[in-house]
1. For region B:321-331, indicate whether the set of residues that are out of contact with any Pro (no Cβ under 8 Å at 6 or more places or on another chain) and modelled with pLDDT under 95 is non-empty.
2. Name the single residue that is nearest to the other protein chains (Cβ to nearest Cβ) among those in region B:249-284 being touching a helix residue (DSSP H, G or I) at 6+ places or on another chain (Cβ under 7 Å), farther than 17 Å from B:Glu149 by Cβ and assigned to a strand (DSSP E or B).
3. Hey, does region A:29-41 have a residue that's within 21 Å of B:Pro145 (Cβ to Cβ), at pLDDT below 95 and of a type outside the set (Ser, Thr, Tyr)?
4. With the requirement that a residue be of a type in the set (Ser, Thr, Tyr) and surrounded by fewer than 17 Cβ atoms within 10 Å (Cβ to Cβ), what does region A:110-131 give you?
5. Of all residues in region B:116-146, which are crowded, with 24+ Cβ neighbours inside 10 Å and of a type in the set (Ser, Thr, Tyr)?
6. Which of the residues spanning region B:465-486 are under 17 Å from B:Ser422 (Cβ atoms) and either modelled with pLDDT of 90 or more or touching a Leu at 6+ places or on another chain (Cβ under 6 Å) (or both)?
7. Does A:Leu56 satisfy the criteria of being assigned to a strand (DSSP E or B), more than 7 Å from chain B (Cβ to nearest Cβ) and surrounded by 21 or more Cβ atoms within 10 Å (Cβ to Cβ)?
8. So which of A:Val146, A:Val127, A:Val152 ends up being closer than 23 Å to A:Ala195 by Cβ and at the interface with chain B (Cβ under 8 Å from one of its Cβ atoms)?
Amino acid sequence: MSQDKRLRIFFTGVGGQGTLTATNLLARTALMCGLEVVAGEVHGMAQRGGVVESVLLLGGWKSPKLDHGEADLLLGFEPLETLRAVPYLRQGGIVFSNSDMLPPLSVSLGVSHYPDLDSIKSEVQKVASQCTFLPCRELGTKAGSVQSGNTVLLAAACANGVLPISLEMLAKGITTFLPEKLHASNLEALRLAEAYLKA
Amino acid sequence: MGKHPLLNETRGEKQLLLGNEAIVRGALEAGVNIITCYPGTPSSEVVDTFRRIGGEGRYKMEYSINEKVAMEVACGAALAGAMSLVTMKHVGLNVAADPLFTTAYTGLPGGLVVLSADDPGCHSSQNEQDNRGYARMAHLPCFEPASAEEARAMTRAAFTLARDLQQPVLLRTTTRISHMRGAVTFHSLPKPSEAVPFEREPMRFVPLPAVARKRHAAVNNIMLRAQEIADQSPFNVETSHTETKLGIIASGVARDYLADALISGGWTDKVDLLELGMTWPLPEKKLSSFLSRHSRILVLEEGDNLLERDVRALCQRIGCAVSIEGKDEILTDMGEYSRSLIMQRLAKWFSCPCPLNPTPTPRTDLPGRPPNLCPGCSHRSVYYAARQVFGDDAIYSSDIGCYTLGVVPPMRMADFLFCMGSSISGGSGFSEVSEKTVVSFIGDSTFFHSGMTGLANAVFNKHKLLLVILDNGTTAMTGHQPNPGMLQESLGEGCTHLDIEQIVRAFGVDQCKKVSSYNVRGLIKALTEFKDMPGIRVLIAQEPCVLYARRTLGKRQPNVAEVVEQNEDTRRCLKELACPAFYKKGEDVAVDQNLCSGCMVCLQVAPKSFKAVKREGGRA
C-alpha cells in the first residue's frame with residue numbers, strides 16, 4: 001500500500017460497550033486483507049467505568065497512539081464521546097458515530113448537562129468533511145444483541161469506502177474472528193447498517 | 001478445546017498479537033520452563049495469557065504473592081537450571097530489586113528474563129519511573145522492543161542471552177508497547193529447554209563478602225562480553241541514507257513516533273538513524289562510529305535522559321567533538337512522547353518551520369466519565385459505614401487497588417498512599433505521632449503482597465491502628481487474578497487457600513471481627529466498637545467483587561432495588577452512597593435496573609425509600 005493510502009482511525013466509547021472488541025475485529029480483518037496494521041489501546045484503571053479510546057493505523061504507520069488532529073476517521077460508539085474526541089480528527093476527516101446516548105453519572109445525578117444531539121452534530125461538522133450518526137443501539141437490538149450495534153458502525157465505515165476493507169471482508173472477519181454464537185446477530189447488524197445508509 | 005493459536009507450531013504463520021501476547025510467543029519459542037509474576041498494569045496480560053493457553057505441559061507458572069517472592073522463585077528455578085521468566089510492572093521491580101541485584105552478581109545458569117512494564121504517562125500507576133536505570137545499576141543486559149514483532153523476537157533473544165551469559169536480562173516495555181497490537185510472524189516452537197544441571201558451588205552462589213567482591217569483578221567481565229554482543233546485535237540498526245552530517249539515535253517507542261514524524265515532515269532523507277533495541281550495555285563501537293561520522297546528534301528516548309547522558313560521556317571518552325542534543329522544553333523527562341512532539345523537536349533541530357496544522361483546543365466543559373467504584377461494589381458500603389462512624393475526624397490511610405477510588409467524593413476515604421502495603425505501616429507511623437485515629441484500608445491481594453509484614457510490625461511495636469481489610473476474594477483491579485485469599489473451589493487443585501482471619505489472629509491481634517461488606521448495620525457497629533479501643537483492631541469486610549461474582553462465579557442477585565418513596569432519606573442516599581445505578585428523574589431519584597447489582601445496601605441506608613423487586617428479563 002502506498003503512503004497516501006495510510007489511514008489513522010480513532011475509536012472512542014464507554015467502558016463495557018465493546019469498543020476494544022470492535023477495534024480488534026477491524027484490526028484482524030485488516031490484517032486478513034493484507035494491510036499493515038498497528039493498533040493501540042489502554043487497559044487497567046484508565047478504563048474502569050470511564051472513556052475507552054483506541055487507535056488503528058493502517059498502511060504502515062508505526063505509532064501506537066494518536067495526537068490531536070491526526071485521525072482520518074473517527075468512530076464514536078457514544079455521541080458525547082464522539083464530541084469529546086473531535087480534537088483528534090484532522091480537518092476534513094470523516095466521522096461515524098452512534099446517536100444513542102449513555103449519560104455519564106454526573107448527568108444521571110443532575111449535576112451536569114448532556115449536550116443535545118444537534119449541537120454535537122454541528123460541532124463535529126465544523127471539522128469533519130462527512131459525518132454520519134446512526135442509531136447503533138437500536139439497530140443492534142433489532143439485529144439480536146445490543147453489542148452488535150458496534151458492527152453497525154464498522155459496517156457503515158466499510159460501506160462508505162473510506163476504509164480499504166469491503167463489507168464482504170468485514171463479514172468474513174465476523175465469521176472468522178468472533179465466537180460462532182455472535183455470527184448471526186453481527187451479520188444482521190451489517191445488513192441493517194447497509195440498509196440504513198441507503199434509506 | 002483445541003490448541004490455542006499461540007501454541008501453533010507452524011513457522012511463518014502471521015497473527016495479530018498484543019505486545020504482551022507477543023512476549024508470550026517469544027518466551028515459548030525460546031523454550032521457557034517457568035513463569036512467575038505479580039500482576040500489575042501494563043504487565044498482566046503476559047502471565048494471564050500463559051494461564052489462558054494452558055501450555056500443554058510446556059511450562060509451570062504461578063501468581064506469586066508479591067514481586068520479591070516472584071523474583072526469588074524465578075531465580076531459584078533459574079539456579080536449578082530452568083529457563084525462567086518473571087513479570088511485573090515498573091514499581092514492582094522496586095519490591096523485587098533486592099534478590100535481583102545479588103543474583104546479577106552470582107549469575108543464574110538456567111537463564112532469567114525479567115519483564116519490567118513501565119508506565120510513562122501514569123495510565124495506571126503512582127509514578128513514571130524509568131526502569132532502564134535498573135539495567136545500568138544492577139548490571140543487566142536490556143532489550144527495549146518497539147513493536148509486537150520485536151516483542152516476540154527480543155524476548156526470544158533475551159532468553160538466549162540470559163542462558164549464554166548466565167546473567168539476568170531485563171526486558172523493558174512501556175504501556176504503549178505492551179498494549180499495542182501488531183502482526184507477529186511465528187518462528188518454530190521447539191520443545192521446552194533442557195535444564196542446566198545444578199552444580200554445588202557455594203563460593204559462587206553464597207555471596208559472603210569475600211565471594212561478592214570476586215563476583216563483582218566477574219559480572220563486570222560478563223558485561224564486557226554483553227557489550228560485544230550489543231555491538232553485533234541485529235536489534236541495533238543503523239540506517240544511513242545520504243551524505244548528511246545529521247544523526248539521530250533513538251530507542252524504545254520513540255522509534256515509532258520518529259518513523260512517522262520523518263514521513264509526515266518529508267524528512268526521511270535528511271538524517272541518518274541509529275536505532276537501539278538492545279540498549280544495555282551500549283553498543284559502544286557502533287555508537288562511536290556513528291558519532292564520529294556526524295557533526296550533529298539528536299538523542300530521542302522517552303523517560304529519563306539515560307541514553308543522552310551516556311552518549312555525551314562516550315563522546316568525551318573517545319574525544320569526539322560532535323554536538324549533542326536531547327531533552328529540552330519540548331521533549332522532557334515527563335509523560336509520553338508522540339509523533340507531533342517529535343515533529344516539533346525535529347523542526348527546532350533542523351531550524352525549519354514545523355509542518356503541523358493547529359488543532360482545536362479540547363473542550364473542558366463536557367461532563368466527564370471519571371473512574372468510579374462499580375454499582376454493587378462491596379467497597380462502597382464499607383466506605384459509607386466508615387464515613388458514618390468517623391466522618392472527617394479520622395485520617396484515612398489507603399492502599400493500591402480498585403478501592404483507591406474511595407478517594408472520590410462523596411466517600412473521600414483516602415488521605416495518603418505510598419505504595420503496595422503502605423496503608424498499614426504508613427498508617428502505623430502516622431498514628432505514632434498524631435492525635436487522630438488512623439483508619440487503614442487494604443485489599444486482600446495487597447494484604448498478602450506486603451500488608452502482612454506491616455501488620456506483624458504493628459503488633460510487635462505496639463502501634464495503634466484500625467485496619468479494615470477489604471476482602472473481595474480476588475485481585476480485582478488487574479483482572480481477577482488468583483491470590484491466596486481466593487476461595488479454594490475457585491483456586492482449584494494447584495493452589496492452597498489461606499484464611500485472612502486466621503493469619504491476623506496468629507499475629508496476635510485479639511480485636512478481629514469479620515462482617516459482610518453488605519451488612520451496613522454490622523459494619524457500623526463493629527467500627528463504633530473499635531473506635532475508642534487502644535492497639536491494633538482489624539475489621540475484615542468480606543464479599544466477593546461484584547464483577548468477579550457475576551462473570552466468574554456466575555452469581556447474580558435475582559432482585560434489584562426500586563425507589564418506593566421520595567423523601568429526605570432518598571435524597572441523602574443519593575448524595576452519600578452515590579451508587580452509579582442511581583439517576584435523577586426530574587427531581588426524583590430512580591434506580592437503573594440494568595446497572596443495579598442487587599446488593600441492597602440502599603435498602604439499609606434508607607429503608608423507607610427503597611424496596612427489592614424481581615429483576616425483569618434485563619440484559620445478560
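1. Our first condition is that a residue be out of contact with any Pro (no Cβ under 8 Å at 6 or more places or on another chain); within region B:321-331, this holds for B:321-331.
If we keep only those that are modelled with pLDDT under 95 too, we end up with B:321.
The answer is yes; a qualifying residue exists.
2. B:Ala250
3. Looking through region A:29-41, at least one residue is within 21 Å of B:Pro145 (Cβ to Cβ), at pLDDT below 95 and of a type outside the set (Ser, Thr, Tyr).
4. A:Ser112, A:Ser119, A:Ser122, A:Ser129
5. B:Ser116, B:Tyr134
6. Of everything in region B:465-486, those that are under 17 Å from B:Ser422 (Cβ atoms) and either modelled with pLDDT of 90 or more or touching a Leu at 6+ places or on another chain (Cβ under 6 Å) (or both) turn out to be B:Leu465, B:Leu466, B:Leu467, B:Val468, B:Ile469, B:Leu470.
7. Values: assigned to a strand (DSSP E or B): yes; more than 7 Å from chain B (Cβ to nearest Cβ): yes; surrounded by 21 or more Cβ atoms within 10 Å (Cβ to Cβ): yes.
Here the answer is yes, as A:Leu56 does meet what is asked.
8. Details: A:Val127 fails: closer than 23 Å to A:Ala195 by Cβ; A:Val152 fails: at the interface with chain B (Cβ under 8 Å from one of its Cβ atoms).
A:Val146 is the lone residue from the list that is closer than 23 Å to A:Ala195 by Cβ and at the interface with chain B (Cβ under 8 Å from one of its Cβ atoms).
The values are calculated or read from the model by the stated rules, or taken from the named source; none is laboratory data. Just so we're clear, the structure is a prediction, and the values are computed from it rather than from any experiment. Neighbour counts run over all protein chains shown; Cβ positions are idealised from the backbone, glycine included.
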